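In what follows, a structure is listed as structure tokens, so that the remarks can point back to it.
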Amino acid sequence: MGRVQNASWRWLAVAIGCLLMTGSLSAATVEDAPEVRVIIDVSGSMRVNDPEQLAAEALELLVALIPSGARAGIWTFGERVANPLPPAGVNQEWRQRMRALMPLLVDYQQFTDIESAIRQVAPVDTDTRQIHLLLLTDGMIDLPAWRGSKPAIDQASRTALLDEYAPLLAEQDVVVHGIAFSDDADFDLVERLAQLTGGLSASVAEADALLGAFLDMVDRIYPSDRAPVTDQRFVIEPGLSGFTALLFRGEEEPVLIAPDGERYSADAIPEGVQWRREPHYDLVEVPDPQAGQWRLEGELVEKSRITLQAPLQLQVSGVPPTLYLGFDVPVEAWFTRQQEVLGEDELPAYLRLTAELRNAAGELQSTVVLQQQEQEARFVGQLPPPITSGELQLVVRAEGQGFRRQRVQAVNVLPPILARHDEADGQVVLTTEHPQLNRHNTRLYGQLQGATLTAEPQDEQHWIMPLPELDAGVSVPLMLRGEITLDGDVRELVLPRLVLFPAVDTSLDQVDAASALEVTRFYDEPLPQREESSDPVERLIERVQALPETAQQRWREGPAWLEPLRQALDNPRQGWPLLVALAVPLLLLLLLWRVWHRRRNAGAREEPHV
């Protein structure tokens, strides 16, 4: 098939290798780790997907880094489904078979049968081990014509997969993560599969983003503790068995500097340290690391991380992979040591936990301090509703005296209602995405050119909103809102606007929409955001307004010796002795300064002359 056909598989092999690499580093116990089944599209369109050429060592990386005893397997599908590497416990024989797998991964086929692939890879059975499927596709369901009339058979297969089989997978604790890496991919299908089964989904426009999407899914399958990196620095506490640095490179070569000043690099590897260099990243394993502050030199790209291996681990629960606009996010965290939950008296000193939502650029959207439950070693809090849709990062950070940990998990933020403009019938079709919303507790309204529109329920999860006669040559915004009743509370749900006829040049309200809206989602139209002004005075004002948030961030990321004061300020009831101890000397100093100042002024005063 040639080098062009092999390029895509080499890229996928690198991504799968990183998946298994991270799992080998972060799984608490191999026996309890989920089984990973990778399903890769080998339909004919894969021929034209030619990501950047990557080294052939990618497949060797997969072989070398998956932990012994873990279970994993790889399937391919097009018109037929093949299983070149069945799921099994990883041992030397498994590794040899994997090394011989590369030539079998270019058997391209004409059609794409996603339903058959999912059903064969994850048959509904009574297997007690949790299974995570990773579906990678660059196409949509496309069955051969001999199986029936097209496109009816394609749509029937899609409907059966979503409405019949996906709920069965969810009942069997089978999680489907999906990556669509082509403009032709059916991302609606991939996203819906992930949402129904509790997985993550991602649409990848470029090859570079594929690895990042894999790593986000790894954080869900194999959650692990990380060391927060601030200003190229991170803290390693005493007692760690090791840490692993996954460093995605920029133009400069990465260098690790230990607390004693010793420099670690690919050209100067200390004894006992393993440094693996790949075309796009470096993987560094440091056993028995020195305690203290480490430094990083060199430009690091997003997704770099420092993963910790330690008996004490931060645990997070209560956050599903899919969040919804307008709904709060409850967070709960606790600590374990050797899989045993820590008691209140075993917690690190001056412990402080926070939860944050950040966007893809790392910008803070919301934050909350988690409060410790009385007489318990659990911390709970509630993040405000997300303000933008798309892919976000949930960061739970724990800080104490000489102690810093964090858990990072990717989440997809969706609107609770899906909208589709049916131009032929002159109406808007609305469908619930949030599992708790239905016709009995939700009322939907619209505002169009000053007129109020009401949506009429059609069944449990669908509404129809008739539209007045409109000029198809003018795009107009439809403002949408809902009134919902949950747990006896009535609240208003403000939804992003839906743009009607967005492809035309003439618009009302200066609506700007780039693509045709055959099937439109709320999250295709992000919530209005303030753009940075070009006026220097306004920019200065914006920066001044941002100073409190910046100061708060610097305070949280300050030196570890300030942690007792931070803890006392966050919990005044518990930290009042420290606050009093600090306040009394300050008051004495202020009193002494006032006495000295008065005496100085009195000695320098002269009587007036006549």
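What the table shows:
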quantity	calculated
Residues being small (Gly, Ala, Ser) and touching a Ser or Thr at 6+ places or on another chain (Cβ under 8 Å) - total across segment 435-481	3
All strands (runs of 3 or more DSSP E) inside segment 414-506 with 3 or more residues being touching a Lys or Arg at 6+ places or on another chain (Cβ under 9 Å)	417-422, 427-432, 442-448, 474-486, 489-500
Of all residues making up segment 339-355, the number that are closer than 14 Å to GLU374 by Cα and assigned to a loop (DSSP other than H, G, I, E, B)	2
Selection status of PRO320, touching a Gly at 6+ places or on another chain (Cβ under 8 Å), closer than 15 Å to PRO238 by Cβ and either part of a strand (DSSP E or B) or not small (Gly, Ala, Ser) (or both)	no
Answer residue from segment 120-129, given it is modelled with pLDDT of 85 or more and in a loop (DSSP other than H, G, I, E, B) and is farthest from ILE179 (Cα to Cα) among those	PRO123
Number of positions in segment 356-393 that are aliphatic (A, V, I, L, M), over 23 Å from VAL218 (Cβ atoms) and part of a loop (DSSP other than H, G, I, E, B)	2
Any hit, segment 448-462, residues being in contact (Cβ under 8 Å) with a residue 24 or more places away in the chain, among the small types (Gly, Ala, Ser) and either in contact with a Pro (Cβ under 7 Å, 6 or more places away or on another chain) or assigned by TED's automatic domain parsing to the domain that holds LEU351 (or both)	no
Conditions (1) at pLDDT 95 or above; (2) more than 28 Å from LEU240 (Cβ to Cβ): number failed by PRO415	(1)
Contacts under 6 angstrom Cβ, first residue in segment 290-315 being at positive phi and assigned by TED's automatic domain parsing to the domain that holds ARG397, partner outside any strand (DSSP E or B) and charged (D, E, K, R), 6 or more apart	none
Residue under evaluation THR307, criteria (1) surrounded by fewer than 19 Cβ atoms within 10 Å (Cβ to Cβ); (2) farther than 18 Å from ARG405 by Cβ, criterion not met	(2)
When residues of segment 277-316 are limited to those that are polar (S, T, N, Q) and assigned to a loop (DSSP other than H, G, I, E, B), the one farthest from ALA361 (Cα to Cα)	GLN290
Strands (runs of 3 or more DSSP E) wholly inside segment 160-276 containing at least 2 residues that are buried (at least 20 other Cβ atoms within 10 Å of the Cβ) and in contact (Cβ under 8 Å) with a residue 12 or more places away in the chain	174-180, 201-203, 233-236, 242-248
Exclusive hit being closer than 24 Å to LEU211 by Cβ and modelled with pLDDT of 90 or more, set ALA55, ALA82, ALA117	ALA117
Test: residue in segment 477-484 that is more than 30 Å from the chain's Cα centre (by Cα) and surrounded by fewer than 12 Cβ atoms within 10 Å (Cβ to Cβ)	no
Cross-chain or 6+ apart pairs with Cβ under 8 Å, segment 386-405 first and on the phi > 0 side of the Ramachandran plot, then part of a loop (DSSP other than H, G, I, E, B)	GLY390/ASN359; GLY390/ALA360; GLY390/PRO526; GLY402/GLU237; GLY402/PRO238; GLY402/ALA291
Filter pass, GLN96 being assigned to a helix (DSSP H, G or I) and modelled with pLDDT of 85 or more	no
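For every residue, the table says whether it meets (1) modelled with pLDDT of 90 or more; (2) among the aromatic types (Phe, Trp, Tyr).
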residue	(1), (2)
VAL235	yes, no
PHE243	yes, yes
LEU246	no, no
GLU252	no, no
ARG263	yes, no
ALA266	yes, no
PRO270	yes, no
GLN274	yes, no
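Residue by residue, here is whether (1) among the charged types (D, E, K, R); (2) in contact with a strand residue (DSSP E or B) (Cβ under 8 Å, 6 or more places away or on another chain) holds:
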| position | (1), (2) |
| --- | --- |
| GLN109 | no, yes |
| ILE118 | no, yes |
| VAL121 | no, yes |
| ASP125 | yes, no |
| TRP146 | no, no |
| VAL175 | no, yes |
| ALA180 | no, yes |
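The values are calculated or read from the model by the stated rules, or taken from the named source; none is laboratory data. Quantities reported herein were computed from a predicted structural model and do not represent experimental measurements. Quick reminder, even Gly has a Cβ in these numbers, built from the backbone with ideal geometry, and neighbours come from all protein chains shown.
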